[in-house]
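The structure under discussion appears below in the form of structure tokens.
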Amino acid sequence: MFSLPLLLSRYRCYVLASLCLFISMPSLAQTIITLYANGTSAAAVTLHYAEPVRLAHVVSDSLKQRTITETPYWLGSSLSTTTAPKNKQALITQLTQLSQQHRDDTAVSDSFANTAQWLQQHIQYQRLPVDIDIDKVRLNKSDNPLLNGNYQLQLANRPTSVIVIGAIEKPQTIKWQPRMAAKAYLAQVTPLSIATNSEVTVIQPDGVVQQYPIAYWNNNHKDIAPGAIIFLGYQSLFHNYSELNHAISSMLINRTL
């Protein structure tokens with residue numbers, strides 16, 4: 001028979017060995033979703049999954065957390081990473097430098113500075129190019145990716161405005177109206193002397209980027225959805241802003257409602 005001290009000694013060894021084994025084992029992969037089920041103005045909840053999970057499953061679980069009776073604004077709902085877009089700070093630095101370089105023209109200088117400030121405040125995470133509409137993710141395998149890692153999911157509420165940003169003194173929020181063209185929204189702001197005059201870039205709430213003609217010779221009506229961004233590009237005889245315009249419009253894709 002084993003003596004009590006010997007049994008206790010072996011028990012301690014067993015517990016220590018088990019604990020060491022537990023600590024040495026790699027943690028199981030988890031998928032963690034920070035969820036804004038009622039839009040960003042409401043508190044977030046966290047959904048934990050012990051393994052990779054399909055988007056349709058996450059959206060279904062997210063709808064159960066929504067307390068607002070209205071259907072989510074699917075066009076503006078979004079899935080993002082938990083890290084900022086990699087080129088964000090470089091773009092903000094460039095805009096800040098341009099603001100300093102144009103100090104002799106207050107309106108232009110303020111435009112670059114205010115655009116940089118808006119991006120700093122409103123672009124937080126890298127938005128992923130996926131649809132969140134529950135019907136799409138359920139029916140189409142290509143729209144139902146496997147999620148593995150940390151994400152942010154927002155079920156948006158339908159907005160009542162659009163944003164005009166770019167070659168104006170500062171970004172403006174304008175009331176959305178059905179069938180209103182981009183040119184009509186621009187009539188409510190004051191473009192700079194270096195603003196493009198033939199087309200604007202519209203970033204729809206789902207992140208789709210479209211070019212909208214606004215000149216008299218190429219004017220062609222295209223609808224703009226609630227929550228869209230109208231980006232008026234910069235144009236100058238002395239500076240080539242085409243790369244800057246592309247960088248800004250590409251960054252605006254990451255805005256979430």
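The values are calculated or read from the model by the stated rules, or taken from the named source; none is laboratory data. Everything numeric in this text was worked out from a predicted model, so none of it was measured. Heads up, the Cβs are rebuilt from the backbone with ideal geometry, glycines too, and the neighbour counts pull from every protein chain shown. Note: areas computed on protein heavy atoms with side chains; ligands, DNA, RNA excluded. Shrake-Rupley method; radii C 1.70, N 1.55, O 1.52, S 1.80 Å.
Within the range 219-257, if we keep just the residues that are at pLDDT below 95 and within 30 Å of residue 72 (Cβ to Cβ), the residue that is farthest from the chain's Cα centre (by Cα) turns out to be 221. Does any residue of the range 41-57 turn out to be modelled with pLDDT of 95 or more and among the basic types (Lys, Arg)? Within the range 41-57, one or more residues are modelled with pLDDT of 95 or more and among the basic types (Lys, Arg). Considering 212, 216, the condition of being aromatic (Phe, Trp, Tyr), over 16 Å from the mean Cα position of the chain (by Cα) and open to solvent by less than 50 Å² (accessible area, probe 1.4 Å) is satisfied by 212 alone. Note on the range 201-233: residues that are in contact (Cβ under 8 Å) with a residue 24 or more places away in the chain and either among the hydrophobic types (A, V, I, L, M, F, W, C) or in a helix (DSSP H, G or I) (or both) amount to 11. Applying the criterion of at least 2 residues that are open to solvent by 90 Å² or more (accessible area, probe 1.4 Å) to the strands (runs of 3 or more DSSP E) found wholly in the range 91-200 leaves 172-175.
Among residues of the range 138-154 that are in contact (Cβ under 8 Å) with a residue 12 or more places away in the chain, those with a beta-carbon under 8 Å from a residue that is part of a helix (DSSP H, G or I) and open to solvent by 70 Å² or more (accessible area, probe 1.4 Å) at least six positions away or on a different chain give the pairs 143/136; 144/138. Residue 47 falls short on exactly one of the conditions (1) open to solvent by 30 Å² or more (accessible area, probe 1.4 Å); (2) farther than 20 Å from residue 194 by Cβ, and that condition is (1). Scanning the range 140-197 for residues that are in contact with a Ser or Thr (Cβ under 8 Å, 6 or more places away or on another chain), of a type outside the set (S, T, N, Q) and farther than 19 Å from residue 248 by Cβ yields a total of 8.
Taking the conditions (1) farther than 23 Å from residue 226 by Cα; (2) open to solvent by 60 Å² or more (accessible area, probe 1.4 Å); (3) in a helix (DSSP H, G or I) in turn, residue 86 satisfies each one other than (3).
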